[in-house]
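What follows is one structure encoded as structure tokens, with my remarks underneath.
The values are calculated or read from the model by the stated rules, or taken from the named source; none is laboratory data. Not measured: the values here are computed from a predicted model. Positions of Cβ are generated from backbone atoms using ideal geometry, with glycine treated the same way; all protein chains shown enter the neighbour counts.
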Amino acid sequence: MSAIPNMIRAMVKRHQDFIQAADVAMSYYLNKNDILRVRPEHVDREIEKRLTKNPLRNADNRISHNWHQLLVDQKTSYAFTYPPTFDTGVKANNERLAELLGDDFTRYCKDLCVDAANTGTAWVHYWLDEAGAFQFAPVPAVQVIGIYNTGLKRKLIAAIRCYRELDDQGEEWERYEYWTERELRYYSKKATEQGEEIAALELQFTGADGVLHSAHVVSHPFGVVPFVEFPNNKHRTGDLAKYKSLIDLYDKIISGFANDLEDIQEVIFLLKNYGRESLSEMLENLRLFKAVKLEGGEDGSGGLDTLTIEIPVEARKVALEILRRQIFVSGQGVDPDPERFGNASGVALKFLYSLLEMKVGMMETEFRSGFNDLVRAVLQHAGISQVKPIIHTYTRAAINNELENAQVARQLMGIASEHTIIDNLFWVDDTERELERLKAEREQAMSDDYGVLEQQQPEEVVDDKQ
């Protein structure tokens, strides 16, 4: 097994570029754009250089805008505000699946979407806890390295998870988990500084007592690598690359505008053949007497002029409007400008969401495969064999024209089944429960009508003479 540590070292070294790109995307998601990335030891030098070149420039505003976070959260809320539902073809299996997925499934879907949008891919790891119960949770993409075969159909043959943790003595260790279809191998080494070469790994395992034991290999019962990948798109690229340069330029223009307002906010006096009084006295005389004493030169000249610098507001305004529009186009988002909505019809709203739907749809095609693998793993642990294809249902959290939707639903009565109509009503979360409620209401209404009819029937007249 000496080849495994060598492969881990090579894969982790190649993984550094992915980690750096993911760190940049996460910084933009946290509104820490590149315009804020100035090393403290270089700040004074930059300011000094600017002052030497132009003494009128002192301000150094650096304003970061959270466009990336807005677009990623917009994509996430649109796709996974309502979690996807899965139909296995058997109602009892659907209920069991929903129970095993648990209450955290909605939050996990949101985390997967955010991680995939930032890094290009996301991962879910599943395992059995100490009680033998099936557990799963997202794993930060920077911690996972997937190893696939070279065939035309990609198959995950191994996965490496690398992370750092402290032991009971407070020492930091680098952990490397190597997962295959049958087993897990632990590799550990003392933590090194960032960027240092990974030294030779030792096959070690830290037990519950915090003591390093000899080589330790753990078997698992899944028969597949217990990691599931959720790519953001076919090329496994993040969303930031589409519009990062636009955001940087937007930050630069706004920051430059703030610098202009701070540096050029007062009138500059140009004095010629000024008298002997100090500048403070001159300003005081100007404030009190609205006049300044000047001395004539040999040519009798003397004067006071003012210097004001015009800030190109209109040019910046046009540039910012263009950048804003292009950020939403390149980021395939929905501009929340209220002037664009108005009393829009359903067709107009769908057109407004067309770019976002395209982006989410491309991600959904990749996520479907991951959800299939996860659902089958859950069902397999529950002892349920799934032969039929799993049907996915995704509900978009978009602005809708409810009046139009209600009218369409009414017009479809008698043409489409009630199940289909109710399944497409966005305000219905559980179609089966809604059908049961509708059935119960109809039965109650029929019962009430029958009681009314009984009360309205005339009583039989009995003839006492007969």
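Here is how the numbers come out for the structure above:
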{"quantity": "Subset of segment 98-114 (residues that are more than 30 Å from residue 325 (Cα to Cα) and touching a helix residue (DSSP H, G or I) at 6+ places or on another chain (Cβ under 6 Å))", "calculated": "100"}
{"quantity": "Among (1) exposed (fewer than 14 other Cβ atoms within 10 Å of the Cβ); (2) touching a Leu at 6+ places or on another chain (Cβ under 8 Å); (3) modelled with pLDDT under 75 - the single one residue 406 does not satisfy", "calculated": "(2)"}
{"quantity": "Residues satisfying the stated conditions in segment 365-377, i.e. more than 15 Å from residue 137 (Cα to Cα) and either aromatic (Phe, Trp, Tyr) or assigned to a loop (DSSP other than H, G, I, E, B) (or both)", "calculated": "367"}
{"quantity": "Search result, residues across segment 325-345 that are modelled with pLDDT under 95, under 24 Å from the mean Cα position of the chain (by Cα) and more than 14 Å from residue 75 (Cα to Cα)", "calculated": "325, 337, 338"}
{"quantity": "Some residue of segment 149-172 being under 24 Å from residue 68 (Cβ atoms) and within 25 Å of the chain's Cα centre (by Cα)", "calculated": "no"}
{"quantity": "Single match in 380, 386 (criterion: modelled with pLDDT under 90, surrounded by 11 or more Cβ atoms within 10 Å (Cβ to Cβ) and either in contact with a helix residue (DSSP H, G or I) (Cβ under 7 Å, 6 or more places away or on another chain) or in a helix (DSSP H, G or I) (or both))", "calculated": "386"}
{"quantity": "Residues satisfying the stated conditions in segment 176-199, i.e. of a type outside the set (Ser, Thr, Tyr) and at pLDDT 85 or above", "calculated": "177, 179, 181, 182, 183, 184, 185"}
{"quantity": "Matching residues in segment 421-436 - criterion: being loosely packed, with under 12 Cβ neighbours inside 10 Å and at pLDDT 75 or above", "calculated": "433, 436"}
